[in-house]
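Quick note: the coordinates plus some simple rules give every number you see, no bench work behind them. All values reported here derive from a predicted model rather than from experimental measurement. Neighbour counts are summed over all protein chains in view; Cβ atoms, including those assigned to glycine, are modelled from backbone coordinates with ideal geometry.
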């Protein structure tokens, strides 16, 4: 593995037992370079989400190793993995997963509250992030008052709060129309180009190909294909 | 902790129901607590009001209200025990009181020597004996309607003896359901029909150079046929009799505990429903890196907000209720520490109520965030 900043080594994950057992990943080894946008594609059930869960320290492999910033995470306790996630990793979800009782700015501020203890400047930073993503008029809107594209931008702002170096995105454009989806692709690409973040996107959406540095295709829990495709 | 507030305020109807539940629990706890505290105080008020160190009672007397006669030699023998510097007498008995309008009423007559202590309601009478007639009788303001005295002084009859109701006092309302009249020991024994030399309660003051307990032991050896108790012991015995043996205190306490349990169930149910409704959000928080402590803080904060707000509402409601109840139950008493204790109890109750919710929030799998 050339760069062990983020990656898996011979990772195996299965769910269920006996005849019902599903082998989600079958000895996958892959590294993700710093400052690159990697696209993970593949049909449903190919193991994409399992791979993302491993990289995000939300799941431990049955066998093999997961590296985050050079640290082998399977040796860490649950609380140590939480701390690692808190400092290094953030997520963007298909279903946005904004907290419904909070406004846009409060959702972003919550991301800061989780990742940074300091209270001062939290709201100013949250405001700045939202303004940067073109949401200056939606700061005090609740999730129900936002369009899907706006929700995803708030979710990205929340993910960027605290400046984590790794961004893991699960089907971030699946719920969006063409224009909003393209906007999200651009925003995540900017995170790589301007901030040097490592972005891993799991998606069926072929639009991502033109924004990705590399595409990995999974099938039946194994890597079927890897290609450098940067066109952005 | 804005999230805790917002989670609660987001469902206002549920929050309102929780507030009502907690405030009802707080109301019950304070009201029943006031009844219990007042009852405990009233049960030993006259014993506590004396400043003598030792009480001698007939064997087996459970409470001040149920005194029984003792031989006169008890007082004489007690006075001779080393360390005893002063003796006093008190008595109580039910009598028939004839109101100024001629109607009859059962009353409790309490008599005491003038030296029993500044807080005992009788000495005040005899210390100013020059200003009053020898038949002078006092009553508590809470019994004013029951004894039907329109003006002071008023001539009445107690057990066929002439008496003068001369003064109204406060803070000595009884809980026996009949008015209590206070007078000198000399008058009381006359009304009751005791011989003046007999005693019902003999009170002893112990010299400061002596140990009260040593004098008590000495008295017990010399007077094995009676009970010799320190003031605190007799007060405690009286309280335990009324509160425990009659079952009255248990009934009051049970209602208070029920209030606590009702609050516990209401808050528990609400916070649990709220947590389960937002369980996906807790998974999101955990996926974003929220620590266990952070998650616990949010759930606990929601419970504590409900507890604090409900307690304040309950307190606001119970103050006028207790004030009104005082006109019917003169001995009800809300001690200053009771509201503070109730708030602490409510917060404990809400913390306990959040345990199941905390457990659910902590055990939710953050990996579920990828399920659409």
Exercise. If contacts are Cα pairs under 8 angstrom and at least 6 residues apart, what is the relative contact order of chain B in percent?
Worked result: 30 percent
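Could you tell me whether region A:144-225 comes out rounded, prolate or oblate from its Cα gyration tensor? Rule is a ≥ b ≥ c as square roots of the eigenvalues, rounded for a/c under 1.5, then prolate if a/b exceeds b/c, otherwise oblate.
On the way: a/c = 1.84, a/b = 1.31, b/c = 1.41.
In terms of gyration-tensor shape, oblate.
If a/c stays under 1.5 just call it rounded; otherwise compare a/b with b/c (prolate if a/b is bigger, oblate if not). Do that for the protein assembly as shown, with a ≥ b ≥ c from the square roots of the Cα gyration tensor eigenvalues.
The shape class here is prolate.
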Exercise. Between residue B:222 and residue B:207, 0.36 nm times their residue separation minus their Cα-Cα distance comes to what?
Worked result: 3.6 nm
Seminar exercise, completed: Rounded to one decimal in nm, the spacing of the 7 Å Cα→Cβ label points at residue A:77 and residue B:246 is 5.8 nm
For this session: Compute the label zone of residue A:12 within region A:38-62: residues whose backbone N is under 12 Å from the point 7 Å along Cα-to-Cβ.
Result: A:62
Exercise. Does region A:37-103 classify as rounded, prolate or oblate by the C-alpha gyration tensor (a ≥ b ≥ c root eigenvalues; a/c under 1.5 gives rounded; else a/b over b/c gives prolate, otherwise oblate)?
Worked result: oblate
Seminar exercise, completed: For chain A, the longest principal axis of the Cα atoms and the Cα long axis of helix A:122-132 enclose an angle in degrees, to the nearest 10, of 80 degrees
Seminar exercise, completed: Taking Cα atoms, the helix A:104-115 axis meets the longest principal axis of chain A at an angle in degrees (rounded to 10) of 50 degrees
Problem set entry | Residue mean of other protein chain beta carbons inside 10 Å, B:66-74 | 0
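How well do other chains shield peptide A:76-85, expressed as the mean number of their Cβ atoms within 10 Å of each residue Cβ?
3
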Seminar exercise, completed: Measuring from the longest principal axis of the C-alpha atoms of chain B, the long axis of helix B:12-43 (C-alpha) lies at a number of degrees, nearest 10, equal to 20 degrees
Seminar exercise, completed: Rounded to the nearest Å, the spacing of the alpha-carbon centers of region B:323-344 and region B:1-44 is 15 Å
Exercise. Relative to the present Cα-Cα distance, how much length would full extension add between residue B:99 and residue B:351 at 0.36 nm per residue of separation?
Worked result: 85.1 nm
For this session: Round to a whole angstrom and tell me the spacing of the C-alpha centers of region B:243-274 and region A:152-176.
Result: 48 Å
Exercise. Taking every residue in A:58-65, how many Cβ atoms of other protein chains lie within 10 Å of its Cβ, on average?
Worked result: 2
For this session: Note down the relative contact order for region B:60-224 as a percent, whole number, built from C-alpha pairs under 8 angstrom at least six residues apart.
Result: 34 percent
Seminar exercise, completed: In deg cm²/dmol, rounded to the nearest 500, the helical mean residue ellipticity at 222 nm of chain B, built from -39500 (n - 2.57) for every DSSP H run of length 4 or more, is -17000 deg cm²/dmol
Exercise. Counting alpha carbon pairs within less than 8 Å and at least 6 residues apart, what relative contact order, in whole percent, applies to region A:6-228?
Worked result: 30 percent
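What is the calculated FRET efficiency for residue B:359 to residue A:128, with r their C-beta to C-beta distance and R₀ = 25 Å, to the nearest 0.05?
Once rounded, the FRET efficiency stands at 0.10.
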Problem set entry | Rounded to 5, the percent of DSSP beta bridges in the protein assembly as shown classed as antiparallel | 65 percent
Seminar exercise, completed: Taking a crude spin-label model, label points 7 Å out from Cα along the C-beta direction, the residue A:140 to residue A:87 distance in nm is 3.8 nm
For this session: Could you please state, rounded to a whole Å, how far the C-alpha centre of region A:5-30 is from the C-alpha centre of region A:32-62?
Result: 11 Å
